[in-house]
1. What list of ³J(HN,Hα) couplings, whole Hz, do you get for the stretch 447-460 from phi and the Karplus terms 6.51, -1.76, 1.60, once you set θ to phi - 60° and write x for glycine and proline?
2. Show the residues, 5+ positions off or on another chain, whose built amide H is closer than 5 Å to the amide H of Ile539.
3. Using helices alone, what [θ] at 222 nm do you get for the chain, with -39,500 (n - 2.57) per DSSP H run of 4 or more residues, divided over all residues and rounded to the nearest 500?
4. Among Thr360, Gly458, Ile507, which residue has its Cα positioned farthest towards the positive end of the charge dipole of the chain, with +1 placed on the Cβ of Lys and Arg, -1 on the Cβ of Asp and Glu, and the dipole taken about the Cα centre?
5. Quick one: Cα convex hull volume of the chain, Å³ per residue?
6. Please state the charge dipole magnitude for the stretch 244-344, taken about the Cα centre, from unit charges on C-beta atoms (+1 on K and R, -1 on D and E), reported in debye and rounded to the nearest 20.
7. What order do you get for Glu554, Glu122, Glu263 when you list them from fewest to most C-beta neighbours inside 10 Å?
8. Would you mind counting up the charge near Ile446? Only other residues with Cβ under 12 Å from its Cβ, with Lys and Arg at +1 and Asp and Glu at -1.
Amino acid sequence: MCVQLRGIQRRRSDMSGKTVAEERVPVLIAGGGPVGLALALELEHHGVEALLIERSLETTRHPKMDVTNGRSMELFRRMGVAGDLRKVAVPADHPLVVTWVTRQTGWELARFAYPSVDDRYEEIRSRNDGAQPLEPNMRVSQVVLEPALKELLQSRGRHVRVRYGWALESFTQDDSGVDAVITSTRTGETRRVRAAYLAGCDGAGSRTRQGLGIGLDRVPLLRLLVKELGPLRAAGMAVRRLAGLGERPMDGRFFLVHFTSPEREFFERFGTAWHIQSPEGWTLISQNDRDTWTMHAPLGMSVDAEKIDPERFLFERLGRPVACDILQANAWTPQLNVAKRFGHGRVWLAGDAVHQVTPTGGYGMNTGVGDAVGLGWALAAQVQGWGEPGLLRAYEAERRPVAVRNRDAAARHTVVRGAIMAAFRAAIHSENWRGERSRRRLGREIRDLGNLENEALGIEFGYRYDKSPAVWPDPGTPPIQTSDAYTPSTWPGSRPPSLFLADGRAIFDLFGPGFTLLRFTGTDVASLTGAAAERNVPIEVVDIRDDHARRLYERDLVLIRPDQHVAWRGDTLPDSPLRLIDRVRGVAT
């Protein structure tokens, strides 16, 4: 039975007898950051009505992320908004460069250069080997991305309402829905919302997660560094310094200075760079390759962040004063946490509400976009009446291992940063022969350690839902996926290979909002489509006659889920098509 809760409003009394407004909606989304907005766009994609609330009156002023990776861009493309988002991003012809320097007034130590978005598009089309993304990554500050997502949702959405300045205060759930109390952060007005489902996308301090009583699996960064680094001398020095036992004691905190400056020539003295990084631990991020930057630098042990002069803090690390306008300055502490559960019943969580990671690798928001799509189609299936509750439990079984994997990858990238900090010697700032030798040695060490945090295609595209109860398993051993490379595969649970067909179409663009059955031969599939129709599961058969695509997709028939992951594959239909359909719609087997 489909959920029918379409914006109905009525009046009811609270426990004090005061009459408060009540409204009804199929899905209530708490949190209007990138993940909440992505979830809202996903529900809009499926035609599901929802209400999104955000406690802030406007989108964020904090530059929390600066790159949307290729997988997130593929998912935004299926929502129909990737092209719009690229219009507000760093221009597509700009190269992607990471530069290591002694300081901005000093010397360059090493650099890692990557193609521009335009060049990457050409490379993807020319290679067409299934190992490439459909969409390259996109450089854009969260300060820019959030309002763009919000505007797209408000201007194009017909099913989702957006309400900023409203916070989730409390909720209870029963077998048929969720009763939530929301409050205006401007006026204090209280309303009640009756929703079939509540999605908590309300950040690291998630009130939704706390209301469910779900704790965090916390991994202290220093403990993980010790575990990963082992007995290496340089790495051990990094751990001691990070623990506050070395030459420059720190306590794990960082200080952010977000600013504009007209002195572009100074900031580009080593060329246009996306990240400028120093072995002293700071990173300078170019937000738009024009006039806006963000400095992140470690704080000394017991430094009172409230007493920091942001300009002086910035100038000391750059090497000289610059003309600037400080937009934001604050201390922050990196975390490595994953929630023990991703929800239960009719309340589920996504994004920072269930995982917090160090920024190395850019896995925070990007993991959250995957959550939003995974949760969104599962919620749509419930609201539309064809999904079973097991589909929501499958969401946790699928996304939590990805969160753990990405958390650990971010930590390993942080280990590399720590090793470079350990190799730092003050001599690199010297103009004499010792300085030159020290810089040469450190530059070589940086190049040897590499820049996997910006090259880990296996992390971005190679995650697979091996233990999902909503995927039909293959016998045998799945192909190995590594962090640094993506191996194209249609093993069930995988993101399938992206390629362009002989007629120029992208195969991903043929995947519909429901299930898509790719048929590479003339096999009769009436029994499978009939089983789907019996369960009201949306499915579309797409015929493809392309030998290259058939080789990459490995089977004559490949069933793609709404989230662009493989649900099942085979050269012939299974003996019980109805059993297959029941499994992929969340019926426990």
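FYI, it's all coordinate maths here, none of it is from the lab. These numbers were taken from a predicted model, which means no experiment stands behind them. Virtual Cβ from ideal backbone geometry, glycine too; neighbours counted across all protein chains shown.
1. 5, 5, 5, x, 9, 4, 4, 10, 10, 7, 5, x, 5, 6
2. Counting only residues 5 or more places away or on other chains, the set is Phe515.
3. -10000 deg cm²/dmol
4. Thr360
5. Here the figure is 161 Å³ per residue.
6. With Lys and Arg at +1 and Asp and Glu at -1, about 440 debye.
7. In increasing order of surrounding Cβ atoms, one gets Glu122, Glu263, Glu554.
8. +4
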